[in-house]
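All remarks here apply to the structure that follows.
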Amino acid sequence: MATLTDAHISGIARRRRIDLCFAVAGAVVLTLALGVLVALVTNLAKDGAARLGWDFLTSFPSRRAGDAGVKSAIVGTALVMFVTACTAIPLGIAAGLYLEEYARKNWFTAIVEINIANLAGVPSIIWGLMALGLFVYWMNLGRSILTAGLTLGLLVLPIVIVATREAVRAIPQIIREASYACGATRLQTVWHHILPYSLSGIITGSIIALSRAIGETAPLITIGALTYIAFLPPPPFGERPWHYDVESRATFDTAQRTQPLEDVSRDISGSHDSPTPSLRDGEITFAWRLDPGTPITQSRLSLPLSSGSMSLSDLVSAIDADENLAATISRAGRLRITADAPGEDPGEFCITNDTTGLIEAFSIAPGGGRYGATDWIMSEFTVLPIQMFNWVSRPDSRFQVNAAATGLVLLTLTLMMNGIAIWLRYRLRRSISW
Amino acid sequence: MVTTPTPSENTGSNQMNAAADVSPLVASMALPQPLPSDFEPAQSPTIKAVAENLHFHYGKFHALKGVSLPIMQNQITALIGPSGCGKSTFLRCFNRMHDLYPNSTYQGAIRLLPDDINLVGPGIDPIAVRMRISMVFQKPNPFPKSIFENVAFSLRVRGGFSRSEISDEVERSLRSAALWDETKDRLHEPANKLSGGQQQRLCIARSLASHPEIILFDEPTSALDPKATRRIEELMTEIKSQVTVLVVTHNMQQASRVSDYTAFMYLGELIEYGPTAKVFQNPANQLTEEYISGRFG
Amino acid sequence: MNHRITLLFAFYSALVLFMHAPAHAQTMVRIDGSSTVYPIIEAVAEEFQAKREHRGIKVTVGISGTGGGFKKFVRGEIDISNASRPILVNELLEARQNGIEFIELPVAFDALTVVVNPRNDFVTQITVDELRKMWEPAAQGKVMRWNQVNPSWPDENLNLYGAGSDSGTFDYFTEAVNGKAKSSRGDFTASEDDNTLVQGVSRDRLAIGYFGYAYYAENKDKLKALAIVNPATGKAVYPSEAAVKDGTYAPMSRPAFIYVNKKSLEKSEVRRFVEFLLKEGAPLVEEVKYVPLPAEAYEKALDRVRKLETGTAFGGHNIAGLHIDEIFSRPLSNDVSDSPR
């Protein structure tokens, strides 16, 4: 055994100095990074805080910077994130569990693993282009919340898979053996042990994945996310305002008032939604003819068209109150208005529209009843980063303030999600140790 | 001493008189023909399982080379030998633990009596095996769940038990594992709040809950202090009236203290098997003697 | 724990099952395209939807860019495409292939504004020839100083700021100055975000740049606009609403278009939106700092809508410097023409 020489002693001092240098360097780098972050956030807050308020959160986009808000963008972001979470998280967990617990380790799984790691680095615009081809054109899902959610879901899927695998790998093998030794199947082991014990890691990874997805702009613009949208997606429950279904329509020409409805009927052009847009406010004109020889009979009827809350039965009594019209409700729940001319058969009717010059034959239905629980998923949308992107490039400098305020909203959402991740991890980890 | 098994439920070509089949093997295993004087006739053991020319490969590595060994019912059989001799490998053949890993191949047989099933046979579902033969591991490995759920798990995987049945079984198992008094007021607390020794007893309770026929102990006390070790050893002695015990141990004193039979393995082969007293006091094989006296291993 | 997981799983399965609920057709006007035209359409959409009689009509506007908008338009996915240039050959061909007929409507003018730093005291007006000397591809790496363009200007560095190559502004400027869209030198400070160019020119005494009039109008204190010498009259004209309207600010006034799918016009909501834009859009155009067309031009556009006159006046080519009267007097065609003019 060597004895401790003076050289060794002075060596200690030198080694300590190197140690200190490293500590100082680390602290400096950390301070710089934090400083830049704080500066960015402060700058954003300074610019945007003034605009940030209830008005800003509850207004639709506008040409006037002072009136513009992020209502549709917040709702859009939340719904897209919901779809993203519902796709990326279960798929990512399933894929991660499969790779860790089920798949045999061979060249195929090795290739899959390498590719998952690579996918995490693919630029997001590429995902957008792929999603445009796959979801929009091939699967025909439209430029909807569903498409956006699936696109971002795919974008962050590798992150969830990697997080799941890391969390699953952290579970000691001896726990798996204990479960199998009790006679558990692979699924029982995964369900009762692997999944619950890795859940905190998976959730943390998933929320990190969602925080990445929430800021994405490029793939959403590619698939056709909107910028100006002044309405919200339909709610998942509640009754639709009544609307009319256009059964047929044709160009209306005053000279051709006698155009028989039968001709018109051949031109079926689909259905329309609430509430009676192409009619004069508060008033619809019914015009009908029973056969080509008779003159057009007209009736003017005032209805509170703007009121979506008018019940079907109220509507029926309002129409019945008109001496020339009768309303019935079919078994399918569709309201049919008929010309109740004395001594003649009730006929189809049509509505003339002076503004558009269209003749429209239709029946009124209470919106097919209630909203479908997932109608919203096919709705158009916008998201926060797109509003930011739009406003930041506008000439009017007041829009820059809106962009900063949107940035703050986005930052708050991200921080909230990370907060939830930390809290969940703390909650779930408390009971789990090996 | 050799019982007549009841091959009643056995069907097919495997059906044979197990006793007749086993006896020549047992005779060749140098079983105690004249029983040692301290052996009580009432305990005259029957055979619970028997390994016949068992070979095991990890990939190309030949880990067990034709091991043949009887396991006596309601007795403790200790497997001893230096590290790498294959004793744990042998133990883990009994509940098909090797099936969890790729490239494991069994040859030969482990026949579970009295119904004469080849545990390592091709048509046998490892899950069915594990439902009859449970295991206690080297390091206490309770699930990070409550004490109650740890014990209930092997019943839950089977399914079909009512709430009260499960809770009865949990109580019975905890009592058998001498853990009931310490835990009856905290059944729903996390298991990993227990001490190491308690955790290992919990693992024993967990393995008892399913009424196994054999419990495999894989060096169950190597992670425990002497006091907890003693407790586990007592427990093994207590439970052998309910279940057949097979224990791998590094600890020579433990083997001599608790086991009724001892098998000494070396380099994947069985070197010597016999009643513990005989193996320790009068080993037939030179290697056994050297190992027991601490000259290698 | 496991109950919660099971619940989550059940909820998720239910969600997946419901996903294929049919979407209801809606009273909607779908618009997409140029981000340059976007502020105009946003203003019109906002005002349109605020009207009581339009309650229930939903207007959506996207900013996929002129090219991106046409891509959707020729597939029949949107009702209206916003464009900062006329429809081009490929788009025309694809539209015809898909049976899409369209009505081409100029809706406003933008004055491309050439700006310098306010501290620049040696230049107040510029000719198209001088601009070409600065921006033509051959100038790359060679024309680096002001006096190389005009000897009366000082021997100082010439710092160029221009639109990024993906923008319609770049296309129009290069067409008007160099005679060919996208033909430009490459060694200049380029940005898709015009605010970046504003910042650049406002901080650089020797800078010259170009962008849409709105960016100049919002930053008049930081920038100095140059008068452009009209090649026809030889008079230098500053960018202004009047100059754009009377056609003297040439060739730097560029029209903004919308293209309306003829089939969509059968939908009353689309027809009403287009008519609203042409009848009541002018003050809104002005509000967002673009130049409205003369009233007669909007009348002519309305006439096109009423008569469903389809086709383009540009034959699939990007022609710069046309007067608004010329745009309406040129024959409409659904075919590609051989020569630009």
Original post:
Are any residues in the stretch A:98-108 open to solvent by less than 20 Å² (accessible area, probe 1.4 Å) and more than 12 Å from every other protein chain (Cβ to nearest Cβ), and if so, which ones?
Top reply: A:Leu99
Original post:
Does the stretch B:106-126 include one or more residues that are within 9 Å of chain A (Cβ to nearest Cβ) and either closer than 28 Å to B:Asn251 by Cα or among the β-branched types (Val, Ile, Thr) (or both)?
Top reply: no
Subject >> Residue ID - surrounded by the fewest Cβ atoms within 10 Å (Cβ to Cβ), chosen from residues in the stretch A:135-152 that are more than 13 Å from chain C (Cβ to nearest Cβ) and within 20 Å of A:Ile89 (Cβ to Cβ) >> reply: A:Thr151
**OP:** Scan the stretch B:202-214 and report the pairs whose first residue is assigned to a helix (DSSP H, G or I) and whose second residue is of a type in the set (Val, Ile, Thr) and buried (at least 22 other Cβ atoms within 10 Å of the Cβ), with Cβ atoms within less than 7 Å and a gap of 6+ or a chain change.
**Re:** B:Leu202/B:Ile147; B:Cys203/B:Val136; B:Ile204/B:Val136; B:Ala205/B:Val151; B:Arg206/B:Val151; B:Ser207/B:Val136; B:Ser207/B:Ile215
Original post:
Do the conditions hold for A:Val122, that is, is it open to solvent by less than 50 Å² (accessible area, probe 1.4 Å), away from chain C (no Cβ under 14 Å) and assigned to a loop (DSSP other than H, G, I, E, B)?
Top reply: yes
**OP:** Among the residues of the stretch B:125-152, write down those that are in a helix (DSSP H, G or I), surrounded by fewer than 24 Cβ atoms within 10 Å (Cβ to Cβ) and over 14 Å from the mean Cα position of the chain (by Cα).
**Re:** B:Pro126, B:Ile127, B:Ala128, B:Phe148, B:Glu149, B:Ala152
Original post:
What number goes with the only condition from (1) modelled with pLDDT under 90; (2) hydroxyl-bearing (Ser, Thr, Tyr); (3) under 17 Å from B:His211 (Cα atoms) that B:Ser173 does not pass?
Top reply: (1)
Subject >> The listed residue being among the hydrophobic types (A, V, I, L, M, F, W, C), open to solvent by 30 Å² or more (accessible area, probe 1.4 Å) and more than 14 Å from chain A (Cβ to nearest Cβ), out of C:Ala176, C:Ala138 >> reply: C:Ala138
Subject >> Residues satisfying the stated conditions in the stretch A:165-184, i.e. aliphatic (A, V, I, L, M), at the interface with chain B (Cβ under 9 Å from one of its Cβ atoms) and outside any helix (DSSP H, G or I) >> reply: A:Ala184
Subject >> Residue in the stretch A:162-211 that is nearest to the chain's Cα centre (by Cα), counting only those that are over 14 Å from A:Arg429 (Cβ atoms), surrounded by 22 or more Cβ atoms within 10 Å (Cβ to Cβ) and polar (S, T, N, Q) >> reply: A:Ser206
Original post:
Given the conditions (1) within 12 Å of chain A (Cβ to nearest Cβ); (2) of a type outside the set (Ser, Thr, Tyr); (3) open to solvent by less than 20 Å² (accessible area, probe 1.4 Å), which single one is not true for C:Glu192?
Top reply: (3)
Original post:
For the stretch C:265-282, what are the residues that are open to solvent by 10 Å² or more (accessible area, probe 1.4 Å) and within 11 Å of chain A (Cβ to nearest Cβ)?
Top reply: C:Glu266, C:Lys267, C:Arg271, C:Arg272, C:Glu275, C:Phe276
**OP:** Working only within the stretch B:207-265, note down all residues that are within 14 Å of another protein chain (Cβ to nearest Cβ), under 18 Å from B:Phe94 (Cα atoms) and not acidic (Asp, Glu).
**Re:** B:Ser207, B:Leu208, B:Ser210, B:His211, B:Pro212, B:Ile214, B:Ile215, B:Leu216, B:Phe217, B:Pro220, B:Leu246
**OP:** For the stretch C:207-224, state whether one or more residues are open to solvent by 60 Å² or more (accessible area, probe 1.4 Å), in a loop (DSSP other than H, G, I, E, B), assigned by TED's automatic domain parsing to the domain that holds C:Asp187 and in contact with a strand residue (DSSP E or B) (Cβ under 8 Å, 6 or more places away or on another chain).
**Re:** no
Original post:
Counting only residues that are of a type in the set (Phe, Trp, Tyr), in contact (Cβ under 8 Å) with a residue 40 or more places away in the chain and assigned to a helix (DSSP H, G or I), which one in the stretch A:54-82 is least open to solvent (accessible area, probe 1.4 Å)?
Top reply: A:Phe56
Original post:
Of B:Asn74, B:Asn95, which residue is in contact with a Ser or Thr (Cβ under 8 Å, 6 or more places away or on another chain), assigned to a loop (DSSP other than H, G, I, E, B) and open to solvent by less than 40 Å² (accessible area, probe 1.4 Å)?
Top reply: B:Asn95
Subject >> Residue in the stretch B:167-178 that is among the basic types (Lys, Arg), without any contact (Cβ under 8 Å) to a residue 60 or more places away in the chain and within 12 Å of another protein chain (Cβ to nearest Cβ) present >> reply: no
Subject >> Residues being farther than 21 Å from A:Ala85 by Cα, more than 14 Å from chain C (Cβ to nearest Cβ) and hydrophobic (A, V, I, L, M, F, W, C) - total across the stretch A:379-434 >> reply: 3
**OP:** Could you give me the residue pairs with C-beta distances under 7 Å whose first residue belongs to the stretch B:80-105 and is within 14 Å of another protein chain (Cβ to nearest Cβ), whose second residue is in a helix (DSSP H, G or I) and among the basic types (Lys, Arg) wherever it lies, and which are 6+ apart or on separate chains?
**Re:** B:Asn95/B:Arg130; B:Arg96/B:Arg130; B:His98/B:Arg92
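Rundown of residues vs (1) over 18 Å from C:Glu47 (Cβ atoms); (2) in a strand (DSSP E or B); (3) modelled with pLDDT of 90 or more, yes/no style:
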residue: C:Arg271; (1), (2), (3): no, no, no
residue: C:Leu277; (1), (2), (3): no, no, yes
residue: C:Arg306; (1), (2), (3): yes, no, no
residue: C:Ile319; (1), (2), (3): yes, no, no
residue: C:Glu326; (1), (2), (3): yes, no, no
residue: C:Pro331; (1), (2), (3): yes, no, no
residue: C:Ser337; (1), (2), (3): yes, no, no
residue: C:Pro340; (1), (2), (3): yes, no, no
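The values are calculated or read from the model by the stated rules, or taken from the named source; none is laboratory data. Note that the coordinates shown come from a computational prediction; the quantities given were computed from them, not determined experimentally. So basically every Cβ, Gly included, is an ideal-geometry build from the backbone, and we count neighbours across all protein chains shown. These area figures cover heavy atoms from the full protein model, side chains too; ligands, DNA and RNA do not enter into them. Shrake-Rupley method; radii C 1.70, N 1.55, O 1.52, S 1.80 Å.
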